[in-house]
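Asker: Quick one: the structure is below, and I'll ask about it shortly.
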Amino acid sequence: MSEAKILLNEIGRDDINDDSSNLLDCGLIDSIDIISLVTAMAARYGKDLDAKFLSAENFQSIAALDKMIKEAYGV
């Protein structure tokens, strides 16, 4: 399971699958979900997400989330 899916499951969003795209544009996730994801990342990886990663593009798909997590946390 991808890191993004694990985090989405942790915040109760197990309804989002790998094929989901345009998560923000389609309203599948919102600002509360993003805050929850960022909080879950900080707890899981032991450091806050750098603000430079807080862009809409990084939250548009599972693949984009996984790429961001890899760049931000090296996992």
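The values are calculated or read from the model by the stated rules, or taken from the named source; none is laboratory data. Treat the numbers as computed from the prediction; the structure is a model and nothing was measured. Note that each Cβ is placed from the backbone with ideal geometry, even for glycine, and that neighbours are counted across all protein chains shown. In case anyone asks, the SASA skips ligands and DNA or RNA and just uses the protein heavy atoms, side chains included. Shrake-Rupley method; radii C 1.70, N 1.55, O 1.52, S 1.80 Å.
Asker: Considering only ASN9, SER20, GLY74, whose Cα is most displaced toward the positive end of the charge dipole of the chain, charges sitting on Cβ of Lys, Arg (+1) and Asp, Glu (-1)?
Answerer: My answer, from the dipole projection, is GLY74.
Asker: Tell me, in nm to one decimal, what length is gained between ILE6 and LYS52 on full extension, where the rule is 0.36 nm per residue of separation less the Cα-Cα distance?
Answerer: Working it through step by step, the gained length comes to 14.3 nm.
Asker: Report ³J(HN,Hα) in whole Hz for each residue of the stretch 51-59, in order, from the Karplus equation J = 6.51 cos²θ - 1.76 cosθ + 1.60 where θ = phi - 60°; Gly and Pro get x.
Answerer: The phi angles translate into 4, 5, 8, 7, 10, 4, 4, 6, 10 Hz.
Asker: Just how large is the dipole of the chain about the Cα centre, in debye to the nearest 20, putting +1 at every Lys and Arg Cβ and -1 at every Asp and Glu Cβ?
Answerer: Here the chain has a charge dipole of around 300 debye.
Asker: To test your reading of the geometry: what angle, between 0 and 90 degrees and rounded to tens, separates the Cα axis of helix 31-45 from the longest principal axis of the chain?
Answerer: With both axes taken from Cα atoms, the answer is about 40 degrees.
Asker: Pop out the carbon and sulfur fraction of the accessible area of the chain as a percent, whole number, probe 1.4 Å.
Answerer: 50
Asker: Before rounding to the nearest 500, sum -39500 (n - 2.57) across all DSSP H runs of length at least 4 in the chain and divide by the residue total; then give [θ] at 222 nm in deg cm²/dmol.
Answerer: Value at 222 nm, helices only, nearest 500: -14500 deg cm²/dmol.
Asker: Next question, about the same structure. Mind checking the log10 I(q)/I(0) for the chain at q = 0.27 Å⁻¹? Debye, one equal scatterer per Cα, no solvent, two decimals.
Answerer: Reported log10 I(q)/I(0), two decimals: -1.60.
Asker: Contact order normalised by length for the chain, with contacts defined as Cα pairs under 8 Å and 6 or more residues apart; what percent is it?
Answerer: Numbers: 66 pairs, mean separation 27.7, N = 75.
Dividing the mean separation by the residue count of the chain yields 37 percent.
Asker: Moving on to the next point. Enter the accessible area per residue of the chain (Å², integer; probe 1.4 Å; all protein chains in place).
Answerer: 58
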